1. Mind checking whether some residue in region 77-86 is among the acidic types (Asp, Glu) and in a strand (DSSP E or B)?
2. Can MET95 be described as of a type outside the set (D, E, K, R) and either farther than 26 Å from GLN9 by Cβ or in contact (Cβ under 8 Å) with a residue 40 or more places away in the chain (or both)?
3. For the structure I just gave you, tell me whether ALA131 is small (Gly, Ala, Ser) and in contact (Cβ under 8 Å) with a residue 60 or more places away in the chain.
4. When region 20-32 is examined, which residues are found to be modelled with pLDDT of 95 or more and surrounded by fewer than 16 Cβ atoms within 10 Å (Cβ to Cβ)?
5. Checking the condition of a type in the set (S, T, N, Q), in contact (Cβ under 8 Å) with a residue 60 or more places away in the chain and surrounded by fewer than 17 Cβ atoms within 10 Å (Cβ to Cβ), which residue from THR53, THR36 passes?
6. It is to be established whether one or more residues within region 44-57 are within 15 Å of SER27 (Cβ to Cβ), modelled with pLDDT of 95 or more, over 10 Å from the mean Cα position of the chain (by Cα) and assigned to a helix (DSSP H, G or I).
7. So which of ALA69, ALA111, ALA131 is small (Gly, Ala, Ser), buried (at least 22 other Cβ atoms within 10 Å of the Cβ) and over 19 Å from ASP13 (Cα atoms)?
8. Just the residues that are out of contact with any helix residue (DSSP H, G or I) (no Cβ under 6 Å at 6 or more places or on another chain) and either part of a helix (DSSP H, G or I) or under 23 Å from ASP49 (Cα atoms) (or both), please, taken from region 60-73.
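The values are calculated or read from the model by the stated rules, or taken from the named source; none is laboratory data. Since this is a predicted model, take the numbers as computed values, not measurements. Quick reminder, even Gly has a Cβ in these numbers, built from the backbone with ideal geometry, and neighbours come from all protein chains shown.
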Amino acid sequence: VNLDTLYRQVIMDHYKNPRNKGSLDDSLTVDMNNPTCGDRIHLTLKVDDGKVTDAKFDGEGCSISMASASMMTQAVKGQDIETALKMSEIFSNMMQGKEYDDSIDLGDIEALQGVSKFPARIKCATLAWKAMEKGVNNKEK
Ligand code: FES
Ligand code: FES
């Protein structure tokens with residue numbers, strides 16, 4: 001099994017068996033869409049004491065956007081806001097093919113590395129992260 005195949009399997013697994021699918025009550029809510037295709041994400045976050053204590057997503061989108069949302073919710077759950085935003089920055093750098101800080105474990109997200117070679121798909125992969133950023137930044141204000 002080469003790395004590409006492994007990564008593809010991880011992406012398909014998140015797409016077919018999404019983690020944290022659904023919607024939380026009494027939570028921060030962010031709706032965002034990818035203007036190029038209309039795919040959308042509905043993200044709900046619970047933030048307590050500077051920590052993302054829970055995250056769920058719903059929506060309609062391509063396999064990359066939905067797998068990425070599943071991976072993102074898994075990655076940020078239990079992290080403090082600062083770390084969640086740092087993860088988003090790392091992921092964004094990864095998607096742009098830039099060097100990124102590898103001192104934080106991003107979990108399954110690394111499986112999306114290959115997406116950086118397909119510029120049209122980068123928006124798919126970053127949609128959920130942009131939604132998360134918007135949610136926690138609103139909370140901060
Ligand atoms: Fe292939 Fe969106 S993941 S078209
Ligand atoms: Fe719409 Fe990927 S094609 S989010």
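1. yes
2. Working: of a type outside the set (D, E, K, R): yes; either farther than 26 Å from GLN9 by Cβ or in contact (Cβ under 8 Å) with a residue 40 or more places away in the chain (or both): no.
Answer is no for this residue.
3. Values: small (Gly, Ala, Ser): yes; in contact (Cβ under 8 Å) with a residue 60 or more places away in the chain: yes.
Taking the combined requirement at face value, the residue satisfies it.
4. Across region 20-32, the qualifying residues are LYS21, GLY22, SER23, ASP25, THR29, ASP31.
5. Numbers: THR53 fails: in contact (Cβ under 8 Å) with a residue 60 or more places away in the chain.
Of THR53, THR36, the one residue that is of a type in the set (S, T, N, Q), in contact (Cβ under 8 Å) with a residue 60 or more places away in the chain and surrounded by fewer than 17 Cβ atoms within 10 Å (Cβ to Cβ) is THR36.
6. The answer is no; no qualifying residue exists.
7. The unique qualifying residue is ALA131.
8. Within region 60-73, the subset out of contact with any helix residue (DSSP H, G or I) (no Cβ under 6 Å at 6 or more places or on another chain) is 60-61, 73.
THR73, the sole residue that qualifies.
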